[in-house]
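Below you'll find the structure, written out as structure tokens, and then a few comments.
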Amino acid sequence: MRFAPEGYPYFAFFGVLTALVWAAWGWPAVLPGLLLAFMFYFFRDPERHTPGEEGYICPADGRIIVAENLLEDKFLNKDSMLISIFMSPFNVHVNRAPCDCTVKQVKYTKGSFKKAWTDHAFHKNEHISIVMEETGGGNLLVRQVAGSIAQKAVCRKKPGDRLKKGERFGMIKFSSRVDVYLPPDVDLLVSIGDRVRAGETILAKKAQ
């Protein structure tokens, strides 16, 4: 099993803590040992098989909570199809590119840590906005939104970096939300409440 590199400090901390508690008191080491096991579970990064067919791939594991057309006026300045995915602490939290693209802009915005499943949570919550230029197309936006438990989003890429569809670009620690803004005229293939998988589920296809 592959693990996200962001998990290594947690593995080290809880590993050392478990060893110290075991050496000092014995069986109470079960508690930090369980936390260590959860860290390995949470930071797992399994391989995914991205479909070769056309379509925008889901950037996150979780459940669809928003699917609507609106005006994205901060980065794209155009009507877009917003699809939001809420991730629980039990989902894989590694994020993946929805299409072949080049990173155009990465902007970190400070904020609070309110519940991530509320409508347009990014207006108040800490988040990272990533503008991606689709290969052979226009721009789209992926936003990593921190939640009440998640308090750290990580984007590993910088402007100018190229990404393949389904390629890893970052993660959000613990529970969180990812918003993706696609062209407004796409054919939507998911509905609110659907469970989706990063790098595998096709969210939408370009209108024919």
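The values are calculated or read from the model by the stated rules, or taken from the named source; none is laboratory data. In this text, all values refer to a predicted model and were calculated from it rather than measured experimentally. For neighbour counting, all protein chains shown are included, and Cβ atoms are generated from backbone atoms with ideal geometry for every residue, glycine included.
Does at least one position in segment 4-25 carry a residue that is among the aromatic types (Phe, Trp, Tyr), surrounded by 13 or more Cβ atoms within 10 Å (Cβ to Cβ) and under 23 Å from residue 140 (Cα atoms)? Scanning segment 4-25, I find no residue that is among the aromatic types (Phe, Trp, Tyr), surrounded by 13 or more Cβ atoms within 10 Å (Cβ to Cβ) and under 23 Å from residue 140 (Cα atoms), so the answer is no.
Only one of the numbered conditions (1) touching a Ser or Thr at 6+ places or on another chain (Cβ under 6 Å); (2) farther than 24 Å from residue 47 by Cα; (3) not hydrophobic (A, V, I, L, M, F, W, C) is violated by residue 166, and that is (2). Among the residues of segment 26-56, just one is touching an Asp or Glu at 6+ places or on another chain (Cβ under 9 Å) and surrounded by fewer than 12 Cβ atoms within 10 Å (Cβ to Cβ), namely 49.
Please find, within segment 66-81, the residue that is farthest from residue 204 (Cα to Cα) out of those that are surrounded by 19 or more Cβ atoms within 10 Å (Cβ to Cβ) and of a type outside the set (Asp, Glu). Before the answer, list the steps.
Step one: of segment 66-81, the residues surrounded by 19 or more Cβ atoms within 10 Å (Cβ to Cβ) are 72, 80-81.
From the residues that got through so far, the ones that are of a type outside the set (Asp, Glu) too are 80-81.
Values: 80: 12, 81: 10 Å.
Looking at residues that are surrounded by 19 or more Cβ atoms within 10 Å (Cβ to Cβ) and of a type outside the set (Asp, Glu), I get 80.
This table checks each residue for (1) closer than 16 Å to residue 67 by Cα; (2) assigned by TED's automatic domain parsing to the domain that holds residue 104; (3) at pLDDT 95 or above.
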| residue | (1), (2), (3) |
| --- | --- |
| 123 | no, yes, no |
| 126 | no, yes, no |
| 131 | no, yes, yes |
| 147 | no, yes, no |
| 161 | no, yes, yes |
| 175 | no, yes, no |
| 188 | yes, yes, yes |
| 196 | yes, yes, yes |
| 199 | no, yes, yes |
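Within segment 103-121, the set of residues being out of contact with any Gly (no Cβ under 9 Å at 6 or more places or on another chain) and either assigned to a strand (DSSP E or B) or modelled with pLDDT of 95 or more (or both) comprises 105, 106, 107, 108, 109, 112.
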